[in-house]
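Trainee: Once you've had a glance at the structure underneath, I'll fire off some questions.
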Amino acid sequence: MGFWGILPPRQVGGSWALLEAGDAAEQLHPIPAKVHELLSQTLHLLHDQHLLEAHAGLMVLERLRDNTLSQLHHSDLLNAQDLDIVESYFSGLQKVNEELTRQLWNIIGRSMKLVHEDPALFVSAVRIIEREENIDALFLDTRSHHFLPPGRPKSWRQKFYQVLQETITVAHFQASHADMKGPGMARHLAALQSNILAELCVVKDLMVQCCPVHYNIVNVCTIMYHQGLSSHLQDILSWDLDKQEIFIVLDWVLHVYHSPEMMSHPDLLPEVDVSTLGPLVPPEVVDHMERKYVVKVRGNMTEWMQRTLEVEYKEWFREEEPEMDHQGFFQSALPVIIMQMLNENIRVASLITDSLQQKVYTMAMDELETFLARLREALVEYGKEHQRDRAKPKYYVPYLLAVLNNNMVLSSSICSLHPNGDLLSEPREIPTSLKAALDRTQKKACQLLLEELLVDLQPLYMQLPSRKWLSGSQLVNSTCEVIDKYVRDFARVRKPIFKLLLSESEHLVMSQYLRALMQKKLVCKSEEERSQFSHRLLQDATQLGDLFHSLGLDKSEQTIEVIVALQELIRLKDPALLSLEVLGFVTKYPDISDEHVSALLDLRGDVSKEVRNMVMEMMAQNPQALPENYQPIFSNILVPGPELPFCLRKGKCA
């Protein structure tokens, strides 16, 4: 006989037919003894786990009860007392039902094990469920003509699925966050991967043979696992997970679950197919968790960068020079540490999704920009410490040069961090705000270096112009020695920065030279002094120009030539020609102001008020526009104000 043939009920003695006449309650008198006998036999069969036979006895009892109640419902003699009597006779049915269902659901709860070890027991349970489904269907189809018996429909097939789902949930989806601290999350997900794969193989290979085709048991169980996992994982993602836990879960959801190591395992295909079930976790939840992951990574990155900067700042005060690379350029480990940290976080994010990689990249660029701002603050503090005592730090200039080299390494390395940067034919542009931050950091370090150069130049410029300066070249010789010393240090930076420092140093020397002249500490008193003054200017400009040229700055890139042009104004013998000479000067240096011109004319000592007015009027009539890419000469040079006359307090000026 096949699995689905219904066994004949056990034969029970006595007549179960209802009498056709007489009081309804009296007609039931032969029934109690037989009912109790059959109930006892059924319970005994249940205790011995003869489920099919026990269920056959249960069906006989229920049929007898239902037939009796049906006839009573259709009888003109129906009364409440008769119904109570019938229900009391069959009250033991509830106990039989409860015991049978307890055993059935216990069997279904152990189905994964039973289909392998004792499939007959599992099949018996399924056959009983199907019998009840058939009876449910019979009554539901005819209930418009007959009454619906107590307890119908039983819907045991639906309960079968429910118990199966609950069993799966309890077995796999009940862990708490406390159980998953440390490596617990990875272990939990690995166990889910292994157990679900194994159980689905059991369903596909064994359980499917024990269930009717219409159960579609493989697809139903696949959906149960998928939905149970989805709910469980969303619960997990609602916890306060750390960075590593979020990564592990997202990796499992997006990569492990659909991989050949789990739901696409060869042992499951083609029967198991989750591609039609939708994502395991909704895209909006994945996006939310990616953002949480970025927040966690940002916190770690901020802390790590801060510690790196603190270590770097302490290095600046060492009693030895910074380390050098193989080309002799000063450097530190800072850019390597920063780039490794950024690159590793972006690389790890790429293992999850492209969108997470992009989010981490964008965050990393923001963090690097913030780091550069803190680096500039550290440079400012470093400069203040040096101002308090110029002997400390001992290697102030070399460490500033190392900062410049580090900044250049960072700038050249950032493009490699861009997602898919290696696949692009053209290098990616550095984000505008980050590029500006790199430029500001470079400018701050250069500013501190030039300020240091200025401190050593200022005592020399205090002597300019003076009679001593006019009489010899010692002042410019000393200036060249200071410049040469600094430029030798500047050679420890890479070429683009070296060229920038050299150019800025030359511009600083020129502007300070002009500023010193405009202090008007020396005014020519004769034509001979004007000649001597202009000769000194020419010699100084030539010597300084030659020095910077020898150091690598082309003559066309120098601003020292303004001193040569100035000496021509001083050398001019006829003041009446000054208007033309000044016009040529102003045309060449259009950022010069009336105040600048007036101060320079004062150096001659022979410019009358009329000539000065002519010159000023000529400048007013010939306003100059700044050419494109013009390098300012006079814009940053302040002209000293005129000295105020001495006044007594509360009195009139003399």
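Read-outs throughout are calculated quantities, based only on the coordinates presented, and are distinct from any laboratory measurement. What you see is a predicted model, and the numbers here were worked out from it, not measured in a lab. Cβ sites come from the backbone with ideal geometry, for glycine too, and all protein chains shown count toward neighbours.
Trainee: How about segment 473-520: which chymotrypsin sites (Phe, Trp or Tyr not before Pro) there are in a DSSP loop, with at most 11 other Cβ atoms within 10 Å of their Cβ?
Mentor: Counting only loop positions with at most 11 other Cβ atoms within 10 Å, none of the chymotrypsin sites (Phe, Trp or Tyr not before Pro) in segment 473-520 qualifies.
Trainee: Taking every pair of alpha-carbon atoms in the chain, give the share separated by more than 39 Å as a whole percent. Can you show the working numbers first?
Mentor: Values: 134466 of 213531 pairs.
Tail of the P(r) past 39 Å holds 63 percent of the pairs.
Trainee: If you don't mind, another one. Straight-line reach only, C-alpha to C-alpha below 17 angstrom: list the lysines that residue 443 could link to, leaving out same-chain residues fewer than 8 apart.
Mentor: 384, 435, 495, 499
Trainee: Show which lysines lie in cross-link reach of residue 292 when reach means a straight Cα distance below 21 angstrom and same-chain residues fewer than eight apart are skipped.
Mentor: 181, 243, 359
Trainee: Taking H as built 1.01 Å from N, whose amide H comes closer than 5 Å to the amide H of residue 605, not counting residues under 5 places away?
Mentor: 524
Trainee: Can you give the FRET efficiency for residue 525 and residue 416, using 1/(1 + (r/R0)^6), R0 = 60 Å, r = Cβ-Cβ distance, to the nearest 0.05?
Mentor: According to the calculation, E is roughly 0.35.
Trainee: Across bins of 5 angstrom width beginning at 0, how are the C-alpha pair distances of segment 118-228 distributed, in whole percent?
Mentor: Values per bin, smallest distances first: 2, 10, 16, 18, 15, 12, 10, 8, 5, 3, 2, 1, 0.
Trainee: If you don't mind, another one. When a/c reaches 1.5 or more, the comparison of a/b and b/c decides; with that in mind, is segment 508-618 rounded, prolate or oblate per its Cα gyration tensor?
Mentor: Prolate shape, in that a/c is at least 1.5 and a/b is the bigger ratio.
Trainee: Starting from the Cα-Cα distance between residue 303 and residue 609, subtract it from 0.36 nm times their residue separation and give me the gain in nm to one decimal.
Mentor: 103.4 nm is the gain from fully extending residue 303 to residue 609.
Trainee: Taking θ as phi - 60°, what are the ³J(HN,Hα) couplings along segment 352-357 by the Karplus curve (6.51, -1.76, 1.60), each to the nearest whole Hz, with x for Gly and Pro?
Mentor: Listing the rounded values in order: 8, 8, 4, 5, 5, 4 Hz.
Trainee: Oh, and also: Can you work out ³J(HN,Hα) from phi for every residue in segment 235-251, in order, using Karplus 6.51 cos²θ - 1.76 cosθ + 1.60 and θ = phi - 60°, giving whole Hz and x for Gly and Pro?
Mentor: 4, 4, 5, 7, 6, 7, 7, 7, 4, 5, 5, 4, 4, 4, 5, 4, 4
Trainee: First check a/c for segment 299-434, with a ≥ b ≥ c the square roots of the eigenvalues of its C-alpha gyration tensor; if it is under 1.5, answer rounded, and if not, answer prolate when a/b is larger than b/c or oblate otherwise. Write out the running numbers ahead of the final one.
Mentor: Working: a/c = 2.55, a/b = 1.98, b/c = 1.29.
Here segment 299-434 falls in the prolate category.
Trainee: Across the chain, where is the longest run that never hits GluC sites (Glu not before Pro) in a DSSP loop with at most 11 other C-beta atoms within 10 Å?
Mentor: On the way: sites that count: 20, 319, 320, 429, 628, 643.
Between exposed loop sites, the widest span is 21-318.
Trainee: Give me the angle, in degrees from 0 to 90, between the Cα long axis of helix 396-413 and the longest principal axis of the Cα atoms of the chain, rounded to the nearest 10.
Mentor: Around 50 degrees separate the two axes.
Trainee: Could you give the distance between the Cα centres of segment 107-136 and segment 367-404, to the whole Å?
Mentor: 79
Trainee: Distance between Cα centroids, segment 151-185 to segment 277-326: provide it in whole Å.
Mentor: Using only Cα atoms to place each centre, the spacing works out to 40 Å.
Trainee: May I ask for the net charge around residue 360, where only other residues with Cβ less than 13 Å from the Cβ of residue 360 are counted and Lys, Arg are +1 while Asp, Glu are -1?
Mentor: After counting each charged neighbour, the total is +2.
Trainee: Which whole-Hz couplings ³J(HN,Hα) result when phi for each residue of segment 175-180 is put into the Karplus expression 6.51 cos²θ - 1.76 cosθ + 1.60, θ = phi - 60°, listed in order with x for Gly and Pro?
Mentor: 5, 10, 4, 4, 6, 10
Trainee: Compute from the Cα atoms of segment 208-281 the Rg and the Dmax, the latter being the longest Cα-Cα distance, and quote both in angstrom.
Mentor: 14.4, 47
Trainee: Please compute the modelled spin-label separation between residue 591 and residue 117, points set 7 Å along Cα→Cβ, answer in nm with one decimal.
Mentor: So the two model labels end up 9.1 nm from each other.
Trainee: Given points 7 Å out from each Cα along the Cα-Cβ axis, report the residue 626 to residue 206 separation in nanometres with one decimal.
Mentor: Label-label distance for residue 626 and residue 206, simple model: 8.6 nm.
Trainee: Where nothing but the Cβ of Lys and Arg (+1) and of Asp and Glu (-1) is charged, how large is the charge dipole of the chain around its Cα centre, in debye to the nearest 20?
Mentor: For the chain, the charge dipole is close to 2760 debye.
Trainee: Okay, moving on. Can you tell me the orientation of helix 119-142 relative to the chain, as the angle in degrees between its alpha-carbon axis and the longest Cα principal axis, to the nearest 10?
Mentor: It works out to around 80 degrees.
Trainee: Measure nothing fancy, just the Cα-based angle from helix 184-202's long axis to the longest principal axis of the chain, in degrees from 0 to 90, nearest 10.
Mentor: Roughly 40 degrees, rounded to the nearest 10.
Trainee: Given the convex hull of the Cα atoms of segment 440-563, what is a quarter of its surface area in nm²?
Mentor: Taking the Cα atoms of segment 440-563, their convex hull projects to 7.6 nm² on average.
Trainee: If you don't mind, there's one more thing I want to ask. Along the Cα-to-C-beta direction of residue 491, a point sits 7 Å from the Cα; which residues of segment 316-358 have their amide N less than 19 Å from that point?
Mentor: Once the point is set 7 Å along Cα→Cβ of residue 491, 321-331 turn out to lie under 19 Å by backbone N, inside segment 316-358.
Trainee: Straight-line reach from residue 525: which lysines have a Cα under 25 Å away, not including same-chain ones fewer than 8 places off?
Mentor: Within the straight-line limit of under 25 Å, residue 525 reaches these lysines: 468, 573, 609.
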